[in-house]
Each structure stands twice: as C-alpha cells, then as structure tokens.
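Working notes, structure below.
The values are calculated or read from the model by the stated rules, or taken from the named source; none is laboratory data. Given the structure is predicted, the values throughout are model-derived calculations rather than measurements. Cβ placement follows ideal geometry from the backbone for every residue including glycine, while neighbour counts extend to all protein chains displayed.
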Amino acid sequence: MFMIENTVTLVATDLDGTLLNNKKEVSEINKKAIRDLKQNGIFFGIASGRPVETILKTIEDWGMSKDIGFVMGMNGGAIYDYRLQSKEEYYLLDGEIVIEIMDFFKGYDVKFWILIGDDRYVNVSTEQTRAHARLYKENEIECDLYEFVKNRKINKLILNFDPDYQKVVEQRAREYKNDKCTGFFTAQNLFEFVDPHINKGFGIEKLCEHFGTSKEHVVSFGDDLNDCEMLMASGCGVAMKNARNRLKKVADYVSEYTNEENAIAHFIYDYILKEDQNV
C-alpha cells in the first residue's frame, strides 16, 4: 500500500485538469478537503501558469480566500503570500529577447500574448481570444507588442495557435537557440518562453524558503508537462489519472481518479489526513 514517507506541511496544486473539473469549477468535496487541510495546520496553495492577480480573483469567486495560504503564479515566476498580502517575482525575461523570439516566429500562424497583472497584451485580438481572456479573468488589450516590450522586463511570452499547429510550433521552438530563455507547452494551443531558471519546481523551492519548510514535506498535484519539475521537486508528486504519460513517469504516485472524479480530495483523505470520507 502506498504511504507518504514524511509529515506533510505544504500542498500545492495545478488548476486546469487537476483541481478544476472540466467546467473550470472546484467541487464541494475538493473545497472541503482544502479546508480540512487548513484545520490540520497544513498550508494549501495554487501552482499555476496564470498571473497571480487573476488567480486571486478566481479564489475570491470560490469563496476560499481564507482557506488558501499562497499562490504560485507564472509557472513559478511569482509567489503570493496571503498572510502578508505580498508578491515576489523572480528572473524576468528581457524585452530584447521577447522581440527576438517574435521575429523568429514571424510568418508562422501564431499569436503573441504578454501578461501584466490581470491585463493580457496581444498583437491580434479576436472574439475567440477575448472569450478566452474573460474565462481566465483577464482584460485583453491589442497593441504593438514590439513597442510595448522595449525597455521592459516581463514574466513570459505566450504563443497561441490552433492545436493542430502544435508540431509546427514545437519544431520551430527547437530551432531557436538562446541560453537566456527556455520554452515549453502549457496546453495543446499554448507555448511559453521564460527565463531558464523558471519552472514550478523552482517555485516549490521558493515556497519552502518562504515558509520555512523543506521539499521533503511537500505534496504536489499536476496533470501536464509544465508540472514535471514541481512533482520531481516535491517529497511526493501526484499525477492525475488524466495526466500526460510523461508526467506519470516522474510522479511518485498516479491517482486512480481524474480531475472529474475529485482526485485531489481522494488523495488528501486517503494519504494525508487518513480520514474516511464519502468522496
């Protein structure tokens, strides 16, 4: 039978495909499990590629601002502490590199997005991208991104494209060589460039430093490839049943449940709190 080796002090979860169901909602049993963690003195927080500001809005809509201890945003590039109401950012991407990347993808069927707080700056705005922005509580602003990033540092550059175009983007991204940035998919239609230090595993390290704990006492949950470093950096990394196969290979535990089946609540009650609940 699976067991967690160390006492758990901190739990971090991805949102889409993990904590959220396919309707982008948190189930009531997942909410209860999070509150029960807090009652047992265990910090719970979000680890997402989204900006901190939009995650905070979402948590407020859930009515859970008092139950969550932290937010890791921008795939580890920003940390927000609810108690201190403060945000720290790490290793921003220089505007000159952003311009170089956009030039490298010139002629390709991709759109460019830059997130600043809850504002999404884009080179092309469509009804589809505006609907996507509203879903993630972002304000979409169309502008000249070349002018926008001059003399500016940003968390990341996002490439948006049709999912059928994924292999083309992957091949082109492989051809781009710059040791001052790295890139990865965060969805079938999204590819992000960030400083090479930045990933969710780096975010876990910063959370441990901030809250005075160690990685051995962290449990993390994820489903996609940008969760790999986080699961590997945690004492116990848990992949959803619906996770990518590459993530399952690096996980310490693969849930028998999907994000639609309250996988997080199942794990919290079965292996962290060890309580019988009708999940």
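For this structure, a couple of remarks:
- Scanning region 1-45 for residues that are at pLDDT 95 or above and at positive phi yields 17, 41.
- Among the helices (runs of 4 or more DSSP H) confined to region 130-215, the ones with at least 1 residues that are of a type in the set (Asp, Glu) and under 30 Å from residue 84 (Cβ atoms) are located at 200-211.
- Among residues of region 100-122 that are assigned by TED's automatic domain parsing to the domain that holds residue 144 and modelled with pLDDT under 95, those with a Cβ under 6 angstrom from a residue that is not in a helix (DSSP H, G or I) and not polar (S, T, N, Q), sequence gap 6+ or separate chain, pair up as 118/138.
- Complete set of residues in region 107-118 that are in a loop (DSSP other than H, G, I, E, B) and in contact with a strand residue (DSSP E or B) (Cβ under 8 Å, 6 or more places away or on another chain): 110, 118
- Segments classed as strands (runs of 3 or more DSSP E), wholly inside region 1-106, with at least 1 members that are surrounded by 23 or more Cβ atoms within 10 Å (Cβ to Cβ) and in contact with a Phe, Trp or Tyr (Cβ under 8 Å, 6 or more places away or on another chain): 10-13, 43-47, 70-73, 78-81
- Matching entry among 35, 83 (being more than 20 Å from residue 265 (Cβ to Cβ) and among the charged types (D, E, K, R)): 83
- Residues (touching a Lys or Arg at 6+ places or on another chain (Cβ under 8 Å) and hydrophobic (A, V, I, L, M, F, W, C)) located in region 24-80: 44, 47, 52, 62, 64, 72, 74, 78, 79
- Among the residues of region 47-57, the one identified as more than 20 Å from residue 158 (Cα to Cα) and either within 14 Å of the chain's Cα centre (by Cα) or of a type in the set (Phe, Trp, Tyr) (or both) is 56.
- Within region 232-260, considering residues that are among the acidic types (Asp, Glu) and under 20 Å from residue 45 (Cα atoms), the one surrounded by the fewest Cβ atoms within 10 Å (Cβ to Cβ): 260
- The requirement of being touching a strand residue (DSSP E or B) at 6+ places or on another chain (Cβ under 6 Å) and not hydrophobic (A, V, I, L, M, F, W, C) is satisfied by residue 226.
- Hits in region 124-170 - residues which are within 22 Å of residue 58 (Cβ to Cβ) and of a type in the set (A, V, I, L, M): 131, 133, 135, 141, 154, 158
- Filter pass, residue 169 being among the aliphatic types (A, V, I, L, M) and under 16 Å from the mean Cα position of the chain (by Cα): no
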